[in-house]
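First the structure, in the form of C-alpha cells, and then the observations on it.
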Amino acid sequence: MLRSLAPKSVTAPVAMGVADQIGGIAALAAVFAVVTGLVGALSGKYVFDALGIGTDAPGWMARGFALGTAAHGIGAARALQVHPDAGAWAALALGLQAVAASLLIPLLARVF
C-alpha cells in the first residue's frame, strides 16, 4: 500500500510506472494520483487566497508552479483555465516533478 502511495504527486501514467518499478500496485497508484490532483485543483484557490498569494505576475507564477507540482496534470489544466501565466508555470512544474519523481522515488525505495 505504501509503495503505491509514494508516487501520488505525479501524473497518473508516471505514478503507475514508478509504483510498478518499486513493487506497488499500479492501478492503486493511478487512483491516488487522480485523487491528489482533484483535491489540489479544487482547493488550490482557497489555499492561495488564505495564504495571501496575490494575482499579480509573481502571484500567478507561484500559484501555477504550486499547482503543477502538487496537483500535477489536473492542477495544470485548472491553472491554465484561470490564467495563461499560471498555466505555463504549472506545465513547467509538472514536467520537472515527473522527471524528478521518476528518478528519485525508485532510488529512495531501495534505501528504505
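The values are calculated or read from the model by the stated rules, or taken from the named source; none is laboratory data. Keep in mind that what you see is a predicted model, and the values were worked out from it rather than measured. Here the Cβ positions follow ideal geometry from the backbone for every residue, glycine too, while neighbour counts run over all protein chains shown.
Points worth noting:
- Taking the criterion of being buried (at least 21 other Cβ atoms within 10 Å of the Cβ) and either touching a Lys or Arg at 6+ places or on another chain (Cβ under 6 Å) or within 21 Å of A109 (Cβ to Cβ) (or both), the residues of the stretch 36-64 that qualify are T36, A41.
- Single residue of A33, A26 found to be surrounded by 14 or more Cβ atoms within 10 Å (Cβ to Cβ), within 21 Å of A100 (Cα to Cα) and touching an Asp or Glu at 6+ places or on another chain (Cβ under 6 Å): A26
- Each residue in the stretch 72-85 was checked for being over 14 Å from the mean Cα position of the chain (by Cα) and of a type outside the set (V, I, T), and 5 pass.
- G75 being at pLDDT 95 or above, surrounded by 16 or more Cβ atoms within 10 Å (Cβ to Cβ) and at negative phi: no
- Residue check, S4 part of a helix (DSSP H, G or I), in contact with a helix residue (DSSP H, G or I) (Cβ under 9 Å, 6 or more places away or on another chain) and either at pLDDT below 95 or among the polar types (S, T, N, Q) (or both): yes
- Residue list for the stretch 16-51, restricted to those being touching a residue at least 60 places away in the same chain (Cβ under 8 Å) and either closer than 12 Å to G75 by Cβ or part of a helix (DSSP H, G or I) (or both): G17, V18, Q21, I22
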